[in-house]
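Report on the structure given below.
Read-outs throughout are calculated quantities, based only on the coordinates presented, and are distinct from any laboratory measurement. As the structure is a prediction and not an experimental result, all values here were calculated from the model. Backbone-built Cβ (ideal geometry, glycine too); neighbour counts: all protein chains shown.
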Amino acid sequence: MIKNLRITRLLTLGCLVMGLCQSASAVEIAGVKVDETVRVANTELKLNGAGIRVKAIFKVYVAGLYLPTKKTTVPEILDLAGPRRLTLVMLREVSSEDFGQSFMTGLNANSDKAEKSKIVNQTVKMGEIFASIPSIKKGDTITSDWVPGSGMLIHVNGKQVGEVIPGMDFYNAYLKIWLGDKPADSSLKQSMLGGKA
């Protein structure tokens with residue numbers, strides 16, 4: 001009886017410790033667990049900030065930005081060396097056409113003519129990637145990684161989609177969709193810069 005009580009207490013303590021460890025390794029936003037750290041190109045990246053993209057009245061996705069070290073300004077983030085990751089977890093289904101249109105709108109709003117002229121090939125490749133995905137469903141996870149010496153890698157639910165897209169200038173233009181002067185969602189931008197979600 002005493003032995004069983006000790007085992008029960010140990011198991012309860014173990015569950016409490018595991019629960020504390022889990023809460024320390026992830027934050028929850030809109031029912032989505034967002035990891036505090038991820039690994040990209042053999043480097044541990046820290047969650048810089050995460051929040052919800054709201055369009056009209058609809059919650060579209062949870063976004064998280066991962067960096068080697070936490071930064072609070074856009075210039076610091078764009079100047080960073082080393083790998084980076086942007087994660088989107090869908091809260092509703094979106095057609096690849098709508099997603100691609102949002103990408104182009106965000107890119108055009110946050111990059112000037114000279115910047116866009118340098119990334120024409122990469123923009124075309126990105127369009128091909130969107131065209132290859134019929135739709136993005138609720139619960140799908142899209143990661144966009146910058147891997148130094150290689151380029152930008154896009155994964156949907158852990159599976160690589162399309163080719164590697166070279167050019168730090170393109171990756172930064174991509175990030176500016178969320179972090180630029182005319183971001184997709186200004187509240188989300190503040191959250192990604194380390195503000196409150």
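On the given criteria, is L193 in contact with a strand residue (DSSP E or B) (Cβ under 9 Å, 6 or more places away or on another chain), crowded, with 19+ Cβ neighbours inside 10 Å and within 19 Å of S102 (Cα to Cα)?
Criteria not met by L193.
Only one residue in I142, I154 is touching a Leu at 6+ places or on another chain (Cβ under 9 Å), closer than 15 Å to A63 by Cβ and not small (G, A, S), so which one is that?
Working: I154 fails: touching a Leu at 6+ places or on another chain (Cβ under 9 Å).
Exactly one residue qualifies, and that residue is I142.
Looking only at segment 109-127, which residues are within 20 Å of the chain's Cα centre (by Cα) and free of Cβ contacts under 8 Å to residues at least 60 places away in the same chain?
Once the filter is applied, which keeps residues that are within 20 Å of the chain's Cα centre (by Cα) and free of Cβ contacts under 8 Å to residues at least 60 places away in the same chain, segment 109-127 yields Q122, T123, K125, M126, G127.
Only residues that are in a strand (DSSP E or B) and charged (D, E, K, R): list them for segment 32-66, please.
K33, D35, R39, E44, K46, R53, K55, K59
Out of curiosity, is T141 β-branched (V, I, T), surrounded by fewer than 18 Cβ atoms within 10 Å (Cβ to Cβ) and over 30 Å from N42 (Cβ atoms)?
no
Could you check, for segment 157-166, whether at least one of its residues is among the β-branched types (V, I, T), surrounded by 15 or more Cβ atoms within 10 Å (Cβ to Cβ) and without any contact (Cβ under 8 Å) to a residue 40 or more places away in the chain?
Yes, the conditions are met somewhere in segment 157-166.
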